[in-house]
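Worksheet: the structure to be examined is printed underneath.
The values are calculated or read from the model by the stated rules, or taken from the named source; none is laboratory data. Predicted model, so just to flag it, every value in this text is computed and none were measured. Cβ placement follows ideal geometry from the backbone for every residue including glycine, while neighbour counts extend to all protein chains displayed.
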Amino acid sequence: MEGALFRYRGHSVSGTQVQFIRELIARHPSESRRGLSQKLCAAWGWSQANGAAREMLCRGLMLALSRAGHISLPPVRYQPPNPLATRSRPSAVEVDRMDVDRTAIAGSLSELGPLVFQCVRRTPQEALFNTLLHTHHYLGYSHPVGEQLKLMVYAGTRPVALFSWSSAPRHLGARDRYLGWSGAARRRNIHLLAYNTRYLILPWVQVKHLASHLLARMTRTLSQHWQHAYGHPVYFAETFVDPTRHRGSCYRAANWILLGRTQGRGKDDQTHRANRSLKDVLGLPLTADFRERLGEG
């Protein structure tokens, strides 16, 4: 087997594959970088579980190869705005313009009536979701990364809670040790984990045990939601809790496990020194055989 000439995000690229890319570029001298990445995805069969081409992965690979001197890409024709850099955050004023009943909700769980989980991403309710999160969560609104879900929980017609999920961080020591992952297994199966980026019970909702009840219900159906949105299940959920602000009581009551603590360096660390508060890492297996499933090829 030919050895790897280049590695990109866990993918090994051989000299033969690099030569294929050179020839692809030569055969299409007037094609844009985007067009070339589309052709490469089609040639190599690179697609997501939901059938969509993995164009961003191809473009990133070709750019990395170009920077390393292995290929020559055509000049950039158009520099689209970065949606994460230019995305306007929801204004706190906007929530007052939306029809949100903020009358206090109290009593017992049984008195709330049926609780309905609704996926709101790419629906008319997404703007309300983003604004409520920005206005009432202490961390504010942050655009999720990678695969993502946004769910609003309704009691009748009134929203009572919000869940935001995204792709899991690639490197997390406490989690990786708990799963017993090798580097190769992590690279293969990181997409089978879900990261709870935000969880909010709206401040006018004061119902005992609601937080742990909703969390338990959410995680029972999380894999089904992921399968519907992205064509594959998830087998493990994780989150961070800042112990200087919260104890994570609702997670622990819903059987989440304390896996350890972060090193306080963040995902873009360049100094290898702590620059933020340490967070508790909590995890929850979503199936009994999660270790076997996450260790498979």
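Applying the condition of being without any contact (Cβ under 8 Å) to a residue 24 or more places away in the chain and under 20 Å from the mean Cα position of the chain (by Cα) to region 111-145 and asking which residue is surrounded by the fewest Cβ atoms within 10 Å (Cβ to Cβ) yields Arg122.
Does Leu222 satisfy being modelled with pLDDT of 90 or more and either touching a helix residue (DSSP H, G or I) at 6+ places or on another chain (Cβ under 8 Å) or not assigned by TED's automatic domain parsing to the domain that holds Leu192 (or both)?
Details: modelled with pLDDT of 90 or more: yes; either touching a helix residue (DSSP H, G or I) at 6+ places or on another chain (Cβ under 8 Å) or not assigned by TED's automatic domain parsing to the domain that holds Leu192 (or both): no.
The answer is no for Leu222.
So which of Thr239, Thr219, Thr197 is within 19 Å of Tyr154 (Cα to Cα), crowded, with 19+ Cβ neighbours inside 10 Å and among the polar types (S, T, N, Q)?
On inspection, the qualifying residue turns out to be Thr219.
Highlighted here are the helices (runs of 4 or more DSSP H) found entirely within region 1-110 that include at least 3 residues which are surrounded by fewer than 11 Cβ atoms within 10 Å (Cβ to Cβ) and either modelled with pLDDT under 75 or of a type in the set (Ser, Thr, Tyr) (or both): 83-86.
When the residues of region 111-151 are narrowed to those that are of a type outside the set (S, T, N, Q) and part of a strand (DSSP E or B), which ends up farthest from Gly231 (Cα to Cα)? So that I can check it myself, show each step before the final result.
The first filter runs over region 111-151 and keeps only residues of a type outside the set (S, T, N, Q), leaving 111-117, 119-122, 124, 126-129, 132-134, 136-141, 143-147, 149-151.
Next cut, part of a strand (DSSP E or B) only: 115-117, 119, 149-151.
Details: Leu115: 26, Val116: 23, Phe117: 20, Cys119: 16, Leu149: 13, Lys150: 17, Leu151: 18 Å.
Among those that are of a type outside the set (S, T, N, Q) and part of a strand (DSSP E or B), it is Leu115.
For region 169-191, the count of residues that are among the β-branched types (Val, Ile, Thr) and crowded, with 20+ Cβ neighbours inside 10 Å is zero. Under the condition of being among the aliphatic types (A, V, I, L, M) and over 30 Å from Gln48 (Cα atoms), the residues counted in region 146-162 number 3. Scanning region 19-52 for residues that are in contact with a Lys or Arg (Cβ under 9 Å, 6 or more places away or on another chain) and touching a residue at least 40 places away in the same chain (Cβ under 8 Å) gives Glu31, Ser32, Arg33, Gln48.
Residue-wise test of (1) basic (Lys, Arg); (2) at pLDDT below 90; (3) not assigned by TED's automatic domain parsing to the domain that holds His225.
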{"residue": "His246", "(1), (2), (3)": "no, yes, no"}
{"residue": "Ser249", "(1), (2), (3)": "no, no, no"}
{"residue": "Arg252", "(1), (2), (3)": "yes, no, no"}
{"residue": "Asn255", "(1), (2), (3)": "no, no, no"}
{"residue": "Gly260", "(1), (2), (3)": "no, no, no"}
{"residue": "Arg273", "(1), (2), (3)": "yes, yes, no"}
{"residue": "Pro285", "(1), (2), (3)": "no, no, no"}
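Taken together, the residues in region 201-227 that are charged (D, E, K, R) and in a helix (DSSP H, G or I) amount to 2. The residue of region 152-171 that is farthest from the chain's Cα centre (by Cα), among those that are assigned to a loop (DSSP other than H, G, I, E, B) and farther than 17 Å from Ala104 by Cβ, is His171. The condition of being free of Cβ contacts under 8 Å to residues at least 40 places away in the same chain and closer than 22 Å to Pro285 by Cβ holds for only one of Ala237, Ala216, Ala254, that being Ala216. Could you check Gln206 against (1) buried (at least 19 other Cβ atoms within 10 Å of the Cβ); (2) touching a strand residue (DSSP E or B) at 6+ places or on another chain (Cβ under 6 Å); (3) among the polar types (S, T, N, Q) and say which number it fails? Going through the list (1) buried (at least 19 other Cβ atoms within 10 Å of the Cβ); (2) touching a strand residue (DSSP E or B) at 6+ places or on another chain (Cβ under 6 Å); (3) among the polar types (S, T, N, Q), Gln206 breaks only (1).
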